[in-house]
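Before any comments, here is the structure.
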Amino acid sequence: MDIHEDSNNSLSLRGRVFVRLETDILRGVYRQGESLNESKVASELKVSRTPVREAIRQLELEGLVAYIPNKGAIVKGLSEDDINDIFEIRMKIEGMAAKRAAANITPDQLKELEEVVDFEEFYTRRGHADQILKLDTKFHEIIFKASGSRLLDRTLTSFHHYIERARSLSFEDKDRAQKALLEHRAILNAIAKRDREKAEILMAEHIKNASENIKKLSFGSLEK
């Protein structure tokens, strides 16, 4: 896809190139150890080398790319430790977000959350992993926003983006997808009942279960 196709995107050209490269790295399009050649990337995205160079510098600051002497920019991506750290942090703060959501969620947000879980059940029965991932992302995003904390929302949304590939592979496991649905339904019910403590506990357990499922995967599959 041409980087210029989204003419309504408010990001600068450098910003769009950065988002594209970051997403491709996190999704495994660029593998760990692969070189990011400025000229090649610029040609593929149909842009000049300048925004590519600037985007790669930003990726280096993010820790996703490293400059190696005589080799240039090399993809680092996320390590197994990085993913484990993200899940550990999520266990601690997504429970907080669910607890706050149980107190602050609006009727419209609650209705949207119910609809997401209903759609998730529909696609889980049919084994559509791509749709399940999108709905899982939406489920958590609604809770982040309902927490009423912009910091929680921004932080947790970023974490979800960083581990999108791991989450995608996890939902290809039909057993995990079914269990995640049941966990989402239980969290939804706790939030609907304004049971803050239960919502917090259930969310922390949900993230823990997701983490344990990821650990069952061969980490090499996350790098392919």
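Where a number appears in this text, it was derived from the coordinates with a stated rule and is not lab data. Quick caveat: nothing in here was measured; it's all calculated off a predicted structure. Cβ atoms come from the backbone with ideal geometry, glycine included; neighbour counts cover every protein chain shown.
Trypsin sites (Lys or Arg not before Pro), restricted to the stretch 17-64: which are DSSP loop and have at most 15 other Cβ atoms within 10 Å?
Sparse-neighbourhood loop trypsin sites (Lys or Arg not before Pro): ARG27, ARG31, LYS46.
Return the whole-Å distance between the Cα centroid of the stretch 20-77 and the Cα centroid of the stretch 103-167.
Comparing the Cα centres of the stretch 20-77 and the stretch 103-167, I get a distance of 29 Å.
Under the rule of -39500 (n - 2.57) per DSSP H run of 4 or more residues, summed and divided by the residues of the chain, what mean residue ellipticity at 222 nm is obtained, to the nearest 500 deg cm²/dmol?
Numbers: 11 runs with 165 residues, N = 224.
My calculation for the chain gives -24000 deg cm²/dmol from helical runs alone.
Compute the distance in nm between two label points, each set 7 Å from the Cα along the Cα-to-Cβ direction, one at SER43 and one at ASP81.
With each label placed 7 Å out from Cα toward Cβ, I get 3.7 nm.
If you add up the charges near ALA199, with Lys and Arg at +1 and Asp and Glu at -1, over every other residue whose beta carbon is less than 10 angstrom from its beta carbon, what do you get?
Once all neighbours under 10 Å are counted, the net charge is +3.
Using a 7 Å offset from the Cα along the Cα-to-Cβ direction at both ARG150 and SER35, what is the distance between the two label points in nm, to one decimal?
4.4
Pick out which of ALA199, ALA66, ALA177 has the largest mean-square fluctuation in a Gaussian network model of the chain, springs linking Cα atoms closer than 10 Å.
ALA66
Nearest 10 degrees is fine. How inclined is helix 80-104 to the longest principal axis of the chain, computing both from alpha carbons?
The helix 80-104 is inclined about 40 degrees to the chain.
Specify the angular offset, from 0 to 90 degrees and rounded to the nearest 10, of the alpha carbon long axis of helix 129-146 from the longest principal axis of the alpha carbons in the chain.
Between the helix axis and the principal axis of the chain, the angle is about 70 degrees.
Check each of the GluC sites (Glu not before Pro) in the stretch 23-121 and keep only those in coil by DSSP with at most 15 other C-beta atoms within 10 angstrom; list them in order.
For GluC sites (Glu not before Pro) across the stretch 23-121 that sit outside H, G, I, E and B with at most 15 neighbouring Cβ atoms in 10 Å, the list reads GLU34.
What residue among HIS160, HIS128, HIS206 has the largest mean-square fluctuation in a Gaussian network model of the chain, using Cα springs under 10 Å?
HIS128
For the chain, what is the Kirkwood hydrodynamic radius in Å, using each pair of distinct C-alpha atoms?
Answer for the chain: a Kirkwood hydrodynamic radius of 18.8 Å.
Given R₀ = 30 Å, FRET efficiency for MET96-LYS134 by Cβ-Cβ distance, to 0.05?
Values: r = 24 Å, r/R0 = 0.81.
Once rounded, the FRET efficiency stands at 0.80.
Give me the net charge for the shell around ALA190: Cβ to Cβ below 12 angstrom, other residues only, Lys and Arg +1, Asp and Glu -1.
Values: positive: LYS99, ARG185, LYS193, ARG194, ARG196, LYS198; negative: GLU183, ASP195, GLU197, GLU200, GLU205.
Its environment carries a net charge of +1.
Expressed as cubic angstrom per residue, what is the convex hull volume of the alpha carbon set of the stretch 32-99?
Dividing the Cα hull volume of the stretch 32-99 by its residues yields 118 Å³.
Say each of THR157 and ASP173 gets a label point 7 Å from the Cα, pointing the same way as Cα to Cβ; how far apart are those two points in nm?
Going from the THR157 label point to the ASP173 one covers 2.9 nm.
Taking the Cα centre of the chain as origin and charging only Cβ (+1 Lys, Arg; -1 Asp, Glu), how large is the dipole, in debye to the nearest 20?
In total the dipole reaches around 180 debye.
Would you mind giving the three semi-axes, in whole Å and largest first, of the ellipsoid equivalent to the stretch 100-150 according to its Cα gyration tensor?
23, 11, 6
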